[in-house]
Amino acid sequence: MQQKMASLKRWMALAIIVQAALLVIFRMGLDKGIMSATVILIAEAAALYFCFDRFESMMENTSTGVRDVLGDAAKDAYLFGEIGMVFYDDSHIITWMSDLFDQRGINRVGRKILVWLPEAEPLLNGDTDRTKVQLDDRMYEITRKEDEQVLFFRDVTDLEHYQVSYDEERAVIGMASLDNYEESTQYEDESVVSAINVAVRSPLTDYCKDHGILCKRVNNYRYFLVLNEKIFSDISADHFSVLNTVRRAAQKQEVSITLSMAFARGIAKYTELDDTVARLMDLAQSRGGDQVAVQKAGEDVIYFGGSTEATEKRSRVRVRVMAHTFRELISRSSNVIICGHREMDFDCMGSAIGMARIAETLHKPSVIIAKTGGIEEKLNAALHANSKQLNEEVRFVTEGEALNQLQDNTLVIMVDHHSIKQSNGSKVLESAKKIAIVDHHRRTAEMGIKPVLVYIEAGASSGSELITELFPYVSNSLEISDIDATIMLAGMTIDTNRFRTRTGSRTFDAASSLRKLGADPLLVDEYLKDSYEEFNTKANAMADCRNIGRGVVICAVKDKVLTRSVMSQIADEILEIQSVEAAFVIANDSDDETAISARSNGKVNVQVIMEKMKGGGHMTAAAMQRPRCSVDALQKELQQNIEDYFKEAETDESNIDE
């Protein structure tokens, strides 16, 4: 409004000057009498001055009237509460600002609001109810009164400061555990144990001391940690470099000790924090250890580290305890339903058959869900070739048929997977009251179920290995046919890439046991042979490989639909190429999904990369699937995640060097 008034003044002044000039011209040039015109001009100028002065007085009275309405007490209250007001017109030009701004030397009357505060545009447009802006060194929260041309400013600088302080001082409960400590020290001399203790404990205690973390040792290998959000932010920023420090210190002592950590945040109740951190520690260690599991209330679990392949940690005692527990559960159940993951493979089927034979030995009826969810092509061929014998030994059903057999006392056993999202019997799991799990994959945060027994060993090569170890402890009369043992051995062979990866001494012991039970390695080899069509498909797919550097090869197949089994085989074959450390195969699969199969020689953790894309698996073998999408888009996302992975790895290394 004041800008318009100033413009009007300029135009009226110009008009008076023009009139005065004309009078001078008439008087000097034309020698005309212009006394009357001069009088009129002077009167006109006086009238205009009076009108402008009166108008400005009215404007001032209007502004003063607002303050008068508020009164001195209200004005003082607004100042005490550090609340300001700004009036504006239809053009969003500021017409008046309250005393708070005057006190702070801010005067923007006559200027457009959005020129002064661009952040206020969503507020003026009605897209939001409030917004925050920074003016000088103060923070203000702005709200707009609906249907009124006024903005309210509230100084929230102190509130923001207190909020930041509160957030930074909130308690975080942590736990640290030295993985494999007992196994590495139980048979060593005291002097060796003492040297190991100094080597692996000192980095942790020094790290906690340097960052201001309260660290209390609970037992020989576990520590309780208390810190706040500010400290957690600092140690998170350096990617928990203590994990690498402990691992390297252990390597110098020639022991396989690593460090696992867990942190629970965002909960006011300490009992809930304690329960959460205990669960997170179990999660980190069941995934193989050497990593950090972090969860904030209401958010998903985040993992850091995990750069070491899981090692064998289960003892014969643990296997015996698990076998007896399974025996008790099965014996007390009315019947057993066994489900696997979708697109069942040899290991999944072998594990299911092994569990069915255990149930039969304990005189409990059992069924395997195999007619729903799909079966891998080579496994399907093997099942058809031996259908007569297998149908006499086990019963394969659909998920609907299994639902009809589900009772209150039915035990549902998940093999080779532990997430309801991956299961071929998800509806059965949703209704079941007793669920047990046997799996060798690294554990995910959300299973989607509440099992009564969880037997997850990330250090095992396969589910078939885990179940083979249970046999002698369940019953001496347990019988396994040659074809059953052969399918289980085929599962172990595939999951270990023919006993070259994720293979420990227990793996060979289990393979030896299956061989004694009648498993035929030659028949296994026959089951796994490629057909000419598969050979041709893989050869054509290999032509689409691209080396993106750092030993990583991506094979993006855009013009063909591949089975997941073929994708994993292509990745395995790419890994055979010299200097290749990780292989990723992207293609549309037969389930109307777009998938990635990832393989590694152990130097690149493909599980971490796949988990960032909502997949999972092992350090050396992982995968992910999505509803059908663009292969190019998925490849671009994959390359970005690979780049982020190597950047984080380089950051971790630089932290160690420092």
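The values are calculated or read from the model by the stated rules, or taken from the named source; none is laboratory data. What you are looking at is a predicted structure, and each value in this text was computed from that prediction instead of being measured. So basically every Cβ, Gly included, is an ideal-geometry build from the backbone, and we count neighbours across all protein chains shown. Side chains included, ligands, DNA and RNA excluded: accessible areas come from the protein's heavy atoms. Shrake-Rupley method; radii C 1.70, N 1.55, O 1.52, S 1.80 Å.
Got a sec? What order do Y532, Y187, Y645 fall in by accessible area at 1.4 Å, biggest, i.e. largest, first?
Details: Y532 160, Y187 190, Y645 35 Å².
I get Y187, Y532, Y645, largest accessible area first.
Can you run phi through the Karplus equation (6.51, -1.76, 1.60; θ = phi - 60°) for region 610-618 and list ³J(HN,Hα) in whole Hz, with x for Gly and Pro?
For region 610-618, the Karplus-derived couplings read 5, 5, 5, 9, 6, x, x, x, 10 Hz, x marking Gly and Pro.
Please report, in debye to the nearest 20, how large the charge dipole of region 190-331 is about its Cα centre when each Lys and Arg carries +1 at its beta carbon and each Asp and Glu carries -1 there.
It comes to approximately 460 debye.
Provide the gained length on full extension for the span Y532 to H363, in nm with one decimal, where the gain is 0.36 nm per separating residue minus the Cα-Cα distance.
Working it through step by step, the gained length comes to 56.4 nm.
Which value at 222 nm does the chain reach when only helices count, each DSSP H run of 4 or more adding -39,500 (n - 2.57), with the total divided by all residues and rounded to the nearest 500 deg cm²/dmol?
-15500 deg cm²/dmol
Once you have all Cα-Cα distances for region 559-658, histogram them in 5 Å bins from zero and send the whole-percent values.
Histogram of Cα-Cα distances, whole percents per bin: 3, 14, 22, 25, 19, 10, 5, 2, 1, 0.
Extending each Cα 7 Å along its Cβ direction at R515 and N476, get the distance between those two points in nm, one decimal.
2.6
List residues of region 77-115, by number, whose backbone nitrogen lies under 19 Å from a label position 7 Å along Cα→C-beta of V156.
Residues passing the 19 Å test: 78-86, 101.
Can you compute the charge dipole magnitude of region 186-232 about its Cα centre, using +1 on each Lys and Arg Cβ and -1 on each Asp and Glu Cβ, nothing else charged? Give it in debye, rounded to the nearest 20.
Result for region 186-232 is approximately 280 debye, rounded to the nearest 20.
Over the chain, give the accessible area per residue in Å² for a 1.4 Å probe, as an integer.
For the chain, the solvent-accessible area averages 50 Å² per residue.
Distance in nm between label sites at E328 and A385, each 7 Å beyond Cα in the beta-carbon direction?
4.2
log10 I(q)/I(0), Debye, Cα-only region 84-158, no solvent, q = 0.11, 0.14, 0.26 Å⁻¹?
After summing over all Cα pairs, the log10 values are -0.23, -0.38, -1.49.
Over the residues of region 475-541, compute the C-alpha Rg and express it relative to 2.2 N^0.38 Å. Intermediate values should be presented prior to the final figure.
Details: Rg = 14.4 Å, N = 67, 2.2 N^0.38 = 10.9 Å.
Normalised Rg, Cα atoms only: 1.32.
What's the carbon and sulfur percent of the chain's accessible surface, probe 1.4 angstrom, rounded to a whole number?
51
What is the Cα radius of gyration of region 413-529 over 2.2 N^0.38 Å, N being its residue count?
1.12
Two-decimal Rg/Rh of region 99-139 from alpha-carbon positions, Kirkwood Rh? Don't skip to the answer; put the middle values down first.
On the way: Rg = 11.3 Å, Rh = 11.5 Å.
For region 99-139, the value is 0.99.
Positive end of the dipole of the chain, charges at C-beta (+1 Lys, Arg; -1 Asp, Glu), about the Cα centre: which of A385, S565, Q407 has its Cα farthest in that direction?
Positive-most Cα among the choices belongs to Q407.
Can you give the Rg/Rh ratio of region 167-302, where Rg is from the C-alpha atoms and Rh is the Kirkwood radius?
Rg divided by Rh gives 0.98.
Treating region 168-220 as a set of equal point scatterers at the Cα positions, no solvent, please give the Debye-formula log₁₀ I(q)/I(0) at q = 0.12 Å⁻¹.
-0.35
Run the paramagnetic zone check for D282: 7 angstrom along Cα to Cβ, then residues of region 596-621 with backbone nitrogen under 14 Å.
Inside the label zone: nothing.
Give the calculated FRET efficiency between V317 and F499 to the nearest 0.05, with a Förster radius of 22 Å applied to their Cβ-Cβ distance.
0.25
According to the Cα gyration tensor, what semi-axes, each the square root of 5 times an eigenvalue, does the equivalent ellipsoid of region 445-587 have, listed from largest to smallest in whole Å?
In descending order, the three semi-axes are 33, 19, 15 Å.
Would you count, across region 556-658, every pair of lysines whose alpha carbons are under 23 angstrom apart, provided the pair is eight or more residues apart or spans two chains?
The number of close lysine pairs in region 556-658 is 13.
Quick one, can you get me the convex hull of the C-alpha atoms of region 579-621 expressed as volume per residue in Å³? Provide the component values of the computation, followed by the final result.
Values: hull volume 2.8 nm³, N = 43.
Taking the convex hull of the Cα positions in region 579-621, it is 66 Å³ per residue.
When DSSP beta bridges are limited to those with both residues in the chain, what percentage is antiparallel, rounded to the nearest 5? Walk me through the numbers before you get to the answer.
Values: 63 of 94 bridges.
Antiparallel bridges make up about 65 percent of those DSSP assigns within the chain.
At 7 Å along the Cα-to-beta-carbon direction for both E121 and Q186, put a label point, then send me their distance in nm to one decimal.
So the two model labels end up 6.7 nm from each other.
Once the mean 1/r over all distinct Cα pairs of the chain is inverted, what Kirkwood radius in angstroms do you read off?
30.7
Below 18 Å, Cα to Cα, which lysines can K364 reach? Residues fewer than 8 away in the same chain don't count.
Cross-link targets: K433, K434.
Can you compute the FRET efficiency between I302 and D136 using 1/(1 + (r/R0)^6), with r the Cβ-Cβ distance and R0 = 35 Å? Round to the nearest 0.05.
0.40
With θ set to phi - 60° and the Karplus curve 6.51 cos²θ - 1.76 cosθ + 1.60, what are the ³J(HN,Hα) couplings of region 365-381 in order, to the nearest whole Hz, using x for Gly and Pro?
Residue by residue, region 365-381 yields x, 9, 9, 10, 6, 9, 9, 9, x, x, 9, 4, 4, 5, 5, 4, 5 Hz.
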